[in-house]
1. Please count how many residues of the stretch 249-267 are outside any loop (DSSP other than H, G, I, E, B) and within 14 Å of the chain's Cα centre (by Cα).
2. Would you please name the residue that is surrounded by the most Cβ atoms within 10 Å (Cβ to Cβ), looking only at residues in the stretch 266-296 that are in contact (Cβ under 8 Å) with a residue 40 or more places away in the chain, among the aliphatic types (A, V, I, L, M) and closer than 21 Å to Glu19 by Cα?
3. Would you tally the residues in the stretch 253-299 being hydrophobic (A, V, I, L, M, F, W, C) and in contact with a Gly (Cβ under 6 Å, 6 or more places away or on another chain)?
4. Does the stretch 70-125 hold any residues that are small (Gly, Ala, Ser) and in a strand (DSSP E or B), and which are they?
5. Taking His48, is it modelled with pLDDT of 95 or more, out of contact with any Asp or Glu (no Cβ under 6 Å at 6 or more places or on another chain) and over 25 Å from Glu186 (Cα atoms)?
6. Determine, yes or no, whether Asp30 is touching a residue at least 40 places away in the same chain (Cβ under 8 Å) and over 19 Å from the mean Cα position of the chain (by Cα).
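The values are calculated or read from the model by the stated rules, or taken from the named source; none is laboratory data. On a predicted model such as this, the values are computed, not experimentally measured, just so you know. Cβ: placed from backbone, ideal geometry, glycine included. Neighbour counts: every protein chain shown.
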Amino acid sequence: MGTDVARRRDSADLDDVREGDLFLVLNEIDQDHIDYRKGISGQCRIVHYDRDFNARGELWTGEAGMLVGLLYNPHDRRLYATNPQLNSILAYDSSGIQHRLSSYLPERRYGNMALARNGDILIGVHSLYGESIEDEHGEGKLIRFNPRTRAFDFFEAEIDGGRGGRHCISNLALGRDDRTVYYVSEAGRRLCRYDTGSGRQLPDFVAFGERDAMRTYGLGVLSGGEVLMASGSGAVLFGSRGEILMNYDVPLDKGWTRAMPALDGRHFYLSNFLHGVLQRREIATGEVVGELNTGLKCSLLSLSEYQAGTGNPAC
């Protein structure tokens with residue numbers, strides 16, 4: 001798909017999506033002038049793929065920055081996206097109309113999201129860049145909200161800061177009990193847990209030592225309590241008690257930043273931010289059963305798999 005200005009138009013039909021289709025964040029980044037020191041920014045874009053990685057359409061948010069979080073919610077049939085650089089949370093309904101959630105959620109640099117069984121959305125504050133986020137809601141960096149009722153709660157979860165000490169909750173997943181949030185700071189050393197039911201910090205699921213090469217990136221919790229996590233240099237599967245069950249072999253030695261379980265329970269998606277590669281793998285063996293090479297560096301940040309729902313659209 002082209003990314004020139006003339007082709008920046010919405011072509012995705014969110015009323016024509018099939019089980020197993022994927023939505024990918026593929027921001028338009030100038031591939032000839034990527035400079036990590038100055039920060040990466042571009043035009044924010046979501047691309048719709050079918051389950052065989054054929055592109056079917058795209059959505060342009062009309063914002064510059066970096067889309068970071070992406071979540072399809074079958075309860076209200078909306079696609080949610082976050083741009084922490086602009087403190088923006090967007091929602092697209094099935095007709096493709098864009099809605100902004102900033103009218104009732106306090107302003108924060110929101111990032112990645114996870115979905116609860118009742119339709120609640122868990123969302124983390126992605127990062128801090130010198131500004132204070134304290135207001136009447138405190139400095140809570142973990143939020144649980146319901147897009148239908150607009151009720152929300154803030155939680156004072158611990159963070160380890162990750163790379164540069166500025167990352168908060170850059171990736172998160174919800175546990176089997178629907179209340180325990182597993183979360184990390186990008187390139188950090190702690191895989192933390194927080195109980196949103198009781199409002200208390202839990203012991204870390206995993207903590208790495210100073211000499212460990214592994215770092216914490218995107219993760220997902222399996223039905224048996226196992227945890228998949230991207231580690232920068234690859235991906236790892238932890239048992240329910242935090243023991244390593246498998247290190248997955250990968251073709252590139254760095255850039256693997258998101259591991260997300262597929263809805264079928266047998267596969268997971270592993271994405272490489274630096275090279276723009278997305279793989280679908282078997283959880284049990286690590287075998288690659290599908291691969292998409294977008295050819296775009298520093299653009300692929302998040303993905304969400306479509307699941308049909310029967311809920312009523314949110315107002």
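1. First, the residues of the stretch 249-267 that are outside any loop (DSSP other than H, G, I, E, B): 256-261, 267.
This time we only want the ones that are within 14 Å of the chain's Cα centre (by Cα), so: 256-261.
Matching residues across the stretch 249-267 total 6.
2. If we take residues in the stretch 266-296 being in contact (Cβ under 8 Å) with a residue 40 or more places away in the chain, among the aliphatic types (A, V, I, L, M) and closer than 21 Å to Glu19 by Cα, then Leu270 is surrounded by the most Cβ atoms within 10 Å (Cβ to Cβ).
3. Let us first name the residues in the stretch 253-299 that are hydrophobic (A, V, I, L, M, F, W, C), namely 256, 259-260, 262-263, 268, 270, 273-274, 277-278, 283-284, 288-289, 292, 296, 298.
Checking which are in contact with a Gly (Cβ under 6 Å, 6 or more places away or on another chain) leaves us with 256, 259-260, 273-274, 296.
Going through the stretch 253-299 one residue at a time, the tally reaches 6.
4. In the first step, residues of the stretch 70-125 are kept if they are small (Gly, Ala, Ser); the result is 81, 88, 91, 94-96, 102-103, 111, 114, 116, 119, 124.
Those that are small (Gly, Ala, Ser) and in a strand (DSSP E or B): Ala81, Ser88, Ala91, Gly111, Ala114, Gly124.
5. Working: modelled with pLDDT of 95 or more: yes; out of contact with any Asp or Glu (no Cβ under 6 Å at 6 or more places or on another chain): yes; over 25 Å from Glu186 (Cα atoms): yes.
Yes: the conditions hold for His48.
6. In short, no.
Yes/no per residue for (1) of a type in the set (Lys, Arg); (2) within 15 Å of Leu301 (Cα to Cα); (3) surrounded by 19 or more Cβ atoms within 10 Å (Cβ to Cβ):
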site: Leu14; (1), (2), (3): no, no, yes
site: Asp32; (1), (2), (3): no, no, no
site: Met66; (1), (2), (3): no, yes, yes
site: Ile97; (1), (2), (3): no, no, no
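Table: residues versus (1) under 29 Å from Pro261 (Cβ atoms); (2) acidic (Asp, Glu).
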| residue | (1), (2) |
| --- | --- |
| Asp21 | yes, yes |
| Lys38 | no, no |
| Asp50 | yes, yes |
| Met66 | yes, no |
| Leu70 | yes, no |
| His75 | yes, no |
| Leu90 | yes, no |
| Ile97 | no, no |
| Glu107 | no, yes |
